[in-house]
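The values are calculated or read from the model by the stated rules, or taken from the named source; none is laboratory data. All figures in this text were calculated on a predicted structure; none of them were measured in a lab. Note: ideal-geometry Cβ built from the backbone for every residue, glycine included; neighbour counts use all protein chains shown. The area values use the complete protein model at the heavy-atom level, side chains included, leaving out ligands, DNA and RNA. Shrake-Rupley method; radii C 1.70, N 1.55, O 1.52, S 1.80 Å.
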Amino acid sequence: LPLIEVHLEKNLFDLRHEELSKAIHDAQIDALEIPPDDLFQVFSPHSPAELRFDATYNGVDRQHLLLIRITMVHRYSVEIKRKLYVTIVEKLEGLGIRREDVLIAVVENGFEDWYAGRA
Amino acid sequence: LPLIEVHLEKNLFDLRHEELSKAIHDAQIDALEIPPDDLFQVFSPHSPAELRFDATYNGVDRQHLLLIRITMVHRYSVEIKRKLYVTIVEKLEGLGIRREDVLIAVVENGFEDWYAGRA
Amino acid sequence: LPLIEVHLEKNLFDLRHEELSKAIHDAQIDALEIPPDDLFQVFSPHSPAELRFDATYNGVDRQHLLLIRITMVHRYSVEIKRKLYVTIVEKLEGLGIRREDVLIAVVENGFEDWYAGRA
């Protein structure tokens, strides 16, 4: 039950949201081995002025900001997390999204911290 | 000081936001025994395309997505958390919101992780 | 790599977003001693009805709600966090924002929980 929240430019959302959703979800299936029906994503489109970032932080050439926040249970190794990030940016790259423009932030919780449609 | 963030369809927000706010807040008062004036809620209305979910994950018939994110201090037992979820969905059910459509995600922090109007 | 998410009234965002961004970022540089290019901020403007709060909770006279969510690595002492909050509200006060109207919530994660433009 990872919960995905994506903050991105409105133009990009309007043009590609179906493909973005699928790319991020497929990356989760590949890297975390979640079942395909474990899909919860909230997209928040923004005007460019609402997304503020430095163009060179961390030694990259950043042109846009696509933020992916992931809330998930504390159970994955560091290695699996890194595989998740790489898989996400590789799949997004297939849609023309530069990996330099992606920011991913994970926050973890416990199994007892979720309600998904039934107790 | 639980902080409540609700992501929901714009239509539902426009029609029912006063009642939704009250239902969720009342559930917190009942289950967590917070003081009635401990109210901080941020609602984010979305178009349907921005809320993506699987219709059957976790063995339920899901038709919409109403996401409630709760950030609160790590101090409540698993039993109290479960009571909170059940109380929220029961009160929302009184507004015609199906419990199958609700997703709740809790993230915890410490007392030192808050500033609420004064140091 | 603190990630800053600001939820505020649309009017305030439209009038002051450049200065708000700078004030919050300068506070981080002063209090956390982050490098100046470590800037990631997402602003979400809201209608007043979307921001719900109690006017007196915590013994203050609250008139608006400006929520600052901070996701950052678990590495700062309680003293540094308090300095961060005080520095933020002092700098916002310079823009005419009342410190009573500010709510700050921190959630922490680990170094392995970030991807910022490259693996």
Chain A: angle of helix A:78-93 to the longest principal axis, Cα-based, in degrees nearest 10: 50 degrees
1.4 Å probe accessible area per residue over chain B, in Å²: 41 Å²
Just to confirm the numbers: residue C:30, label point 7 angstrom along the Cα-Cβ line, distances to the other copies in nm, shortest first? 4.6, 4.6
Ascending list, in nanometres, of distances separating the residue C:63 label from those of the other copies (7 Å, Cα toward Cβ): 4.5, 4.5
Would you work out what percent of the accessible area of chain B, with all protein chains in place, is carbon or sulfur (probe 1.4 Å)? 51 percent
Förster radius 35 Å - calculated FRET efficiency between residue C:79 and residue A:80, Cβ distance, rounded to 0.05: 0.50
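Partner chain Cβ atoms within 10 Å, averaged over the residues of A:23-34 - can you pull that number for me?
On the way: counts 0, 1, 2, 0, 0, 0, 0, 0, 0, 0, 0, 1.
The mean count of partner-chain Cβ atoms within 10 Å per residue comes to 0.
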Tilt, helix B:10-32 to longest principal axis of chain B (alpha-carbon atoms), in degrees rounded to tens, equals 40 degrees
Total accessible area buried between chains A and B, 1.4 Å probe, in Å² to the nearest 100? 2700 Å²
Using the C-alpha gyration tensor of the protein assembly as shown, what are the square roots of 5 times its eigenvalues, in whole angstrom, with the largest one first? 27, 27, 19
Pulled fully out, how much extra length does the chain show between residue B:47 and residue B:19, if you take 0.36 nm times their separation in residues and subtract their Cα-Cα distance? 8.1 nm
To the nearest whole number, what is the average tally of beta carbon atoms from other chains within 10 Å of the beta carbons of peptide A:38-48? 6
Springs between alpha-carbon atoms under 10 Å, Gaussian network over chain A: tell me which of A:17, A:74, A:64 tops the mean-square fluctuations. A:74
What does the charge add up to near residue B:58, with Lys and Arg as +1, Asp and Glu as -1, over the other residues with Cβ less than 11 Å from its Cβ? -3
Using Cα pairs closer than 8 Å and at least 6 residues apart in sequence, work out the relative contact order for chain C, in percent. 35 percent
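In whole Å, what three semi-axes, largest first, describe the equivalent ellipsoid of segment A:1-56 built from its Cα gyration tensor (square root of 5 times each eigenvalue)?
Rounded to whole Å, the semi-axes are 24, 12, 10.
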